[in-house]
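Trainee: Questions regarding the structure given below will be posed in turn.
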Amino acid sequence: MIGLLLAMYPARWRRRYAEEFRAVLESRPLGPFDVADVLIGALDARLTPRRLPGSAGIDGGHLVMLRIGGFGAIAGGVLWFAGLAAASFTGGDNPLWVAMLAIGTVGLLLAFTGLSAFQARRDPILTWAAFVIPALGSLASVVGLSAMALGPGEDPMVIGSMSAWSVWILGLVTTLIGSIIFAIATLRAEVLSRRASISLAVSSLVVLFLAFGTSGVDTPTPIGQLVLAICLGSFAASWVALGVMALRRGPIRAIAPA
(Lines give C-alpha, C1' and ligand atoms only; values in the text may rest on other atoms or scores of the structure.)
Protein backbone atom coordinates (compact mmCIF):
# COMPACT_ATOMS: atom_id res chain seq x y z
CA MET A 1 0.00 0.00 0.00
CA ILE A 2 2.72 2.49 0.98
CA GLY A 3 4.77 1.65 -2.10
CA LEU A 4 1.77 2.26 -4.35
CA LEU A 5 1.02 5.56 -2.65
CA LEU A 6 4.61 6.75 -3.04
CA ALA A 7 4.53 5.78 -6.71
CA MET A 8 1.78 8.37 -7.23
CA TYR A 9 4.30 11.18 -6.63
CA PRO A 10 6.63 12.59 -9.32
CA ALA A 11 10.05 10.95 -9.64
CA ARG A 12 11.85 14.15 -8.65
CA TRP A 13 9.75 14.40 -5.48
CA ARG A 14 10.38 10.73 -4.62
CA ARG A 15 14.14 11.09 -4.98
CA ARG A 16 14.22 13.88 -2.40
CA TYR A 17 11.49 12.96 0.08
CA ALA A 18 10.46 9.30 -0.42
CA GLU A 19 12.35 7.83 2.55
CA GLU A 20 11.21 10.50 5.00
CA PHE A 21 7.64 10.27 3.77
CA ARG A 22 7.69 6.46 3.99
CA ALA A 23 8.73 6.75 7.63
CA VAL A 24 5.77 9.06 8.28
CA LEU A 25 3.35 6.64 6.63
CA GLU A 26 4.74 3.65 8.50
CA SER A 27 4.43 5.40 11.85
CA ARG A 28 0.60 5.35 11.87
CA PRO A 29 -2.27 3.12 10.71
CA LEU A 30 -3.63 4.21 7.36
CA GLY A 31 -7.38 4.62 6.90
CA PRO A 32 -9.44 5.55 3.82
CA PHE A 33 -9.10 9.22 4.75
CA ASP A 34 -5.31 8.96 4.83
CA VAL A 35 -5.17 7.27 1.44
CA ALA A 36 -7.35 10.00 -0.07
CA ASP A 37 -5.20 12.61 1.70
CA VAL A 38 -1.99 11.19 0.21
CA LEU A 39 -3.55 11.00 -3.26
CA ILE A 40 -4.54 14.67 -3.01
CA GLY A 41 -0.96 15.46 -2.00
CA ALA A 42 0.36 13.47 -4.98
CA LEU A 43 -1.93 15.35 -7.35
CA ASP A 44 -0.82 18.62 -5.79
CA ALA A 45 2.85 17.65 -6.19
CA ARG A 46 2.33 16.87 -9.89
CA LEU A 47 0.34 20.02 -10.61
CA THR A 48 2.64 22.33 -8.62
CA PRO A 49 6.12 20.74 -8.68
CA ARG A 50 7.78 23.77 -7.07
CA ARG A 51 5.56 23.77 -4.01
CA LEU A 52 7.23 23.22 -0.64
CA PRO A 53 7.37 19.54 0.34
CA GLY A 54 5.45 20.00 3.56
CA SER A 55 2.35 21.02 1.65
CA ALA A 56 2.15 17.83 -0.39
CA GLY A 57 1.75 14.71 1.64
CA ILE A 58 -0.15 13.17 4.50
CA ASP A 59 -1.95 15.84 6.53
CA GLY A 60 -1.30 18.29 3.69
CA GLY A 61 -4.82 17.93 2.36
CA HIS A 62 -6.55 16.80 5.54
CA LEU A 63 -8.43 20.08 5.99
CA VAL A 64 -9.88 19.74 2.51
CA MET A 65 -10.81 16.09 3.05
CA LEU A 66 -12.42 16.76 6.42
CA ARG A 67 -14.49 19.57 4.96
CA ILE A 68 -15.49 17.36 2.04
CA GLY A 69 -16.52 14.66 4.51
CA GLY A 70 -18.46 17.09 6.68
CA PHE A 71 -20.27 18.76 3.82
CA GLY A 72 -20.79 15.38 2.17
CA ALA A 73 -22.53 14.10 5.30
CA ILE A 74 -24.77 17.19 5.49
CA ALA A 75 -25.65 17.42 1.81
CA GLY A 76 -25.83 13.65 1.43
CA GLY A 77 -28.22 13.23 4.35
CA VAL A 78 -30.51 16.02 3.16
CA LEU A 79 -30.56 15.07 -0.54
CA TRP A 80 -30.82 11.33 0.15
CA PHE A 81 -33.86 11.71 2.39
CA ALA A 82 -35.49 14.42 0.25
CA GLY A 83 -35.05 12.37 -2.92
CA LEU A 84 -36.32 9.19 -1.29
CA ALA A 85 -39.32 10.94 0.25
CA ALA A 86 -40.24 12.72 -2.98
CA ALA A 87 -39.84 9.56 -5.05
CA SER A 88 -42.01 7.64 -2.58
CA PHE A 89 -44.82 10.20 -2.67
CA THR A 90 -44.76 10.61 -6.47
CA GLY A 91 -44.26 6.97 -7.34
CA GLY A 92 -40.63 7.42 -8.40
CA ASP A 93 -41.51 8.49 -11.95
CA ASN A 94 -39.69 11.83 -11.82
CA PRO A 95 -35.99 11.49 -12.76
CA LEU A 96 -35.25 14.58 -10.64
CA TRP A 97 -36.01 12.73 -7.41
CA VAL A 98 -33.97 9.74 -8.52
CA ALA A 99 -31.07 12.08 -9.35
CA MET A 100 -31.35 13.71 -5.91
CA LEU A 101 -31.25 10.28 -4.29
CA ALA A 102 -28.20 9.30 -6.36
CA ILE A 103 -26.36 12.54 -5.54
CA GLY A 104 -27.22 12.09 -1.87
CA THR A 105 -25.76 8.58 -2.01
CA VAL A 106 -22.52 9.96 -3.45
CA GLY A 107 -22.49 12.57 -0.67
CA LEU A 108 -22.74 9.83 1.95
CA LEU A 109 -19.84 8.03 0.28
CA LEU A 110 -17.77 11.20 0.62
CA ALA A 111 -18.79 11.32 4.27
CA PHE A 112 -17.61 7.75 4.83
CA THR A 113 -14.25 8.70 3.29
CA GLY A 114 -13.66 12.07 4.94
CA LEU A 115 -14.99 11.29 8.41
CA SER A 116 -12.88 8.13 8.67
CA ALA A 117 -10.07 10.45 9.80
CA PHE A 118 -11.71 10.47 13.21
CA GLN A 119 -11.52 6.69 13.49
CA ALA A 120 -8.44 5.32 11.72
CA ARG A 121 -6.01 5.87 14.62
CA ARG A 122 -8.14 3.76 16.97
CA ASP A 123 -9.56 0.98 14.76
CA PRO A 124 -7.95 0.87 11.30
CA ILE A 125 -9.47 -2.50 10.36
CA LEU A 126 -12.94 -1.49 11.51
CA THR A 127 -12.54 1.83 9.73
CA TRP A 128 -11.67 0.13 6.44
CA ALA A 129 -14.68 -2.16 6.82
CA ALA A 130 -16.87 0.88 7.51
CA PHE A 131 -15.62 2.37 4.24
CA VAL A 132 -15.40 -0.60 1.85
CA ILE A 133 -18.82 -2.10 2.65
CA PRO A 134 -20.86 1.11 2.16
CA ALA A 135 -18.67 2.09 -0.81
CA LEU A 136 -19.77 -1.08 -2.59
CA GLY A 137 -23.32 -0.41 -1.48
CA SER A 138 -23.22 3.17 -2.73
CA LEU A 139 -21.87 2.02 -6.10
CA ALA A 140 -24.67 -0.53 -6.42
CA SER A 141 -27.24 2.09 -5.39
CA VAL A 142 -26.03 4.59 -7.99
CA VAL A 143 -26.02 1.90 -10.71
CA GLY A 144 -29.56 0.87 -9.82
CA LEU A 145 -30.83 4.43 -9.58
CA SER A 146 -29.19 5.39 -12.88
CA ALA A 147 -30.78 2.40 -14.58
CA MET A 148 -34.19 3.28 -13.16
CA ALA A 149 -33.85 6.89 -14.35
CA LEU A 150 -32.38 6.24 -17.78
CA GLY A 151 -33.29 2.66 -18.67
CA PRO A 152 -36.29 1.68 -20.79
CA GLY A 153 -39.42 0.34 -19.13
CA GLU A 154 -40.62 0.61 -15.56
CA ASP A 155 -37.91 -1.62 -14.07
CA PRO A 156 -35.14 -2.44 -16.58
CA MET A 157 -32.74 -5.31 -16.08
CA VAL A 158 -29.22 -4.33 -15.04
CA ILE A 159 -27.15 -7.40 -14.16
CA GLY A 160 -28.39 -10.71 -15.47
CA SER A 161 -31.80 -11.31 -13.98
CA MET A 162 -31.47 -8.54 -11.37
CA SER A 163 -33.68 -5.54 -11.98
CA ALA A 164 -32.63 -1.95 -11.34
CA TRP A 165 -34.85 -1.91 -8.26
CA SER A 166 -33.19 -5.03 -6.88
CA VAL A 167 -29.73 -3.60 -7.44
CA TRP A 168 -30.70 -0.41 -5.62
CA ILE A 169 -32.21 -2.35 -2.70
CA LEU A 170 -29.04 -4.46 -2.46
CA GLY A 171 -26.96 -1.28 -2.40
CA LEU A 172 -29.23 0.31 0.21
CA VAL A 173 -28.99 -2.72 2.51
CA THR A 174 -25.21 -2.77 2.14
CA THR A 175 -25.01 0.96 2.89
CA LEU A 176 -27.12 0.51 6.02
CA ILE A 177 -24.87 -2.30 7.23
CA GLY A 178 -21.84 -0.11 6.56
CA SER A 179 -23.48 2.75 8.45
CA ILE A 180 -23.87 0.52 11.51
CA ILE A 181 -20.18 -0.41 11.35
CA PHE A 182 -19.28 3.27 10.84
CA ALA A 183 -21.33 4.25 13.89
CA ILE A 184 -19.61 1.60 16.01
CA ALA A 185 -16.18 2.81 14.87
CA THR A 186 -17.18 6.40 15.65
CA LEU A 187 -18.36 5.43 19.13
CA ARG A 188 -15.10 3.60 19.83
CA ALA A 189 -13.06 6.59 18.63
CA GLU A 190 -15.04 8.92 20.96
CA VAL A 191 -14.58 11.98 18.77
CA LEU A 192 -17.96 12.83 17.22
CA SER A 193 -21.44 13.09 18.68
CA ARG A 194 -22.28 9.97 20.67
CA ARG A 195 -26.01 10.59 20.29
CA ALA A 196 -25.75 10.98 16.52
CA SER A 197 -23.67 7.80 16.26
CA ILE A 198 -26.15 5.81 18.33
CA SER A 199 -29.04 7.26 16.33
CA LEU A 200 -27.30 6.28 13.08
CA ALA A 201 -26.74 2.71 14.26
CA VAL A 202 -30.24 2.24 15.70
CA SER A 203 -32.08 3.79 12.74
CA SER A 204 -30.05 1.72 10.25
CA LEU A 205 -30.73 -1.45 12.23
CA VAL A 206 -34.47 -0.78 12.47
CA VAL A 207 -34.71 -0.08 8.73
CA LEU A 208 -32.96 -3.39 8.09
CA PHE A 209 -35.41 -5.17 10.38
CA LEU A 210 -38.32 -3.55 8.58
CA ALA A 211 -36.84 -4.43 5.19
CA PHE A 212 -36.55 -8.10 6.09
CA GLY A 213 -39.85 -8.22 7.96
CA THR A 214 -38.33 -9.26 11.28
CA SER A 215 -39.49 -6.29 13.36
CA GLY A 216 -43.09 -7.36 13.88
CA VAL A 217 -44.29 -4.20 12.13
CA ASP A 218 -46.20 -4.53 8.87
CA THR A 219 -44.70 -1.79 6.69
CA PRO A 220 -47.67 -1.50 4.25
CA THR A 221 -49.87 -0.34 7.17
CA PRO A 222 -49.95 3.35 8.13
CA ILE A 223 -48.13 2.59 11.40
CA GLY A 224 -45.45 0.64 9.59
CA GLN A 225 -44.97 3.42 7.05
CA LEU A 226 -44.76 5.98 9.85
CA VAL A 227 -42.12 3.94 11.70
CA LEU A 228 -40.14 3.50 8.48
CA ALA A 229 -40.35 7.22 7.68
CA ILE A 230 -39.18 8.15 11.19
CA CYS A 231 -36.24 5.75 10.99
CA LEU A 232 -35.21 6.96 7.53
CA GLY A 233 -35.46 10.57 8.71
CA SER A 234 -33.40 9.72 11.78
CA PHE A 235 -30.82 8.03 9.54
CA ALA A 236 -30.47 11.17 7.41
CA ALA A 237 -30.53 13.53 10.41
CA SER A 238 -27.78 11.50 12.08
CA TRP A 239 -25.51 12.00 9.09
CA VAL A 240 -26.25 15.73 9.09
CA ALA A 241 -25.38 15.93 12.80
CA LEU A 242 -22.13 14.02 12.29
CA GLY A 243 -21.21 16.35 9.41
CA VAL A 244 -21.87 19.46 11.49
CA MET A 245 -19.83 18.06 14.37
CA ALA A 246 -16.94 17.22 12.03
CA LEU A 247 -16.84 20.78 10.68
CA ARG A 248 -16.92 22.22 14.21
CA ARG A 249 -14.18 20.02 15.64
CA GLY A 250 -11.55 21.00 13.07
CA PRO A 251 -8.76 18.89 11.60
CA ILE A 252 -6.02 19.09 14.25
CA ARG A 253 -7.76 17.27 17.08
CA ALA A 254 -9.57 15.02 14.66
CA ILE A 255 -6.44 13.27 13.40
CA ALA A 256 -4.44 13.28 16.59
CA PRO A 257 -3.27 9.75 17.45
CA ALA A 258 -5.20 8.10 20.25
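The values are calculated or read from the model by the stated rules, or taken from the named source; none is laboratory data. On a predicted model such as this, the values are computed, not experimentally measured, just so you know. Every residue, glycine as well, gets a Cβ built from its backbone with ideal geometry; the counts of neighbours run over all protein chains shown. Please note that ligands, DNA and RNA were not included when accessible areas were found on the heavy atoms of the full protein model with its side chains. Shrake-Rupley method; radii C 1.70, N 1.55, O 1.52, S 1.80 Å.
Trainee: For region 233-243, what are the residues that are over 15 Å from the mean Cα position of the chain (by Cα) and not polar (S, T, N, Q)?
Mentor: If the condition is that a residue be over 15 Å from the mean Cα position of the chain (by Cα) and not polar (S, T, N, Q), then Gly233 is the only one that fits.
Trainee: I've got another one for you. When you scan region 156-208, how many residues do you find that are over 18 Å from the mean Cα position of the chain (by Cα) and small (Gly, Ala, Ser)?
Mentor: Selection size over region 156-208: 5.
Trainee: In this structure, does Pro49 turn out to be farther than 27 Å from Ala135 by Cα, surrounded by 14 or more Cβ atoms within 10 Å (Cβ to Cβ) and at pLDDT below 70?
Mentor: Criteria not met by Pro49.
Trainee: Six or more apart or on different chains, Cβ under 6 Å: which pairs go from a residue in region 5-17 that's in contact (Cβ under 8 Å) with a residue 12 or more places away in the chain and open to solvent by less than 90 Å² (accessible area, probe 1.4 Å) to one that's among the hydrophobic types (A, V, I, L, M, F, W, C) and in a helix (DSSP H, G or I)? Could you list them?
Mentor: Filtered contacts from region 5-17: Leu5/Val38; Leu6/Ala18; Met8/Ala42; Tyr9/Ala42; Tyr9/Ala45; Pro10/Ala45; Trp13/Ala45.
Trainee: Here is a further query. Conditions first: (1) at pLDDT below 85; (2) surrounded by fewer than 20 Cβ atoms within 10 Å (Cβ to Cβ). Val173 passes all but one, so which condition is the exception?
Mentor: Only one criterion is unmet by Val173, namely (1).
Trainee: Moving on. Hey, among the residues in region 194-204 that are of a type in the set (Gly, Ala, Ser) and open to solvent by less than 30 Å² (accessible area, probe 1.4 Å), which one's farthest from Leu176 (Cα to Cα)?
Mentor: Going through the qualifying residues, I end up with Ala196.
Trainee: I'd like to verify a number: residues in region 179-191 that are surrounded by 23 or more Cβ atoms within 10 Å (Cβ to Cβ) and under 18 Å from Ala237 (Cβ atoms), how many?
Mentor: 4
Trainee: Among the residues of region 177-196, write down those that are of a type in the set (Gly, Ala, Ser) and farther than 14 Å from Thr127 by Cβ.
Mentor: Within region 177-196, Ser193, Ala196 qualify.
Trainee: How about region 68-88: which of its residues are under 22 Å from Phe131 (Cβ atoms) and either within 13 Å of the chain's Cα centre (by Cα) or small (Gly, Ala, Ser) (or both)?
Mentor: The answer is Ile68, Gly69, Gly70, Phe71, Gly72, Ala73, Ile74, Ala75, Gly76, Gly77, Trp80.
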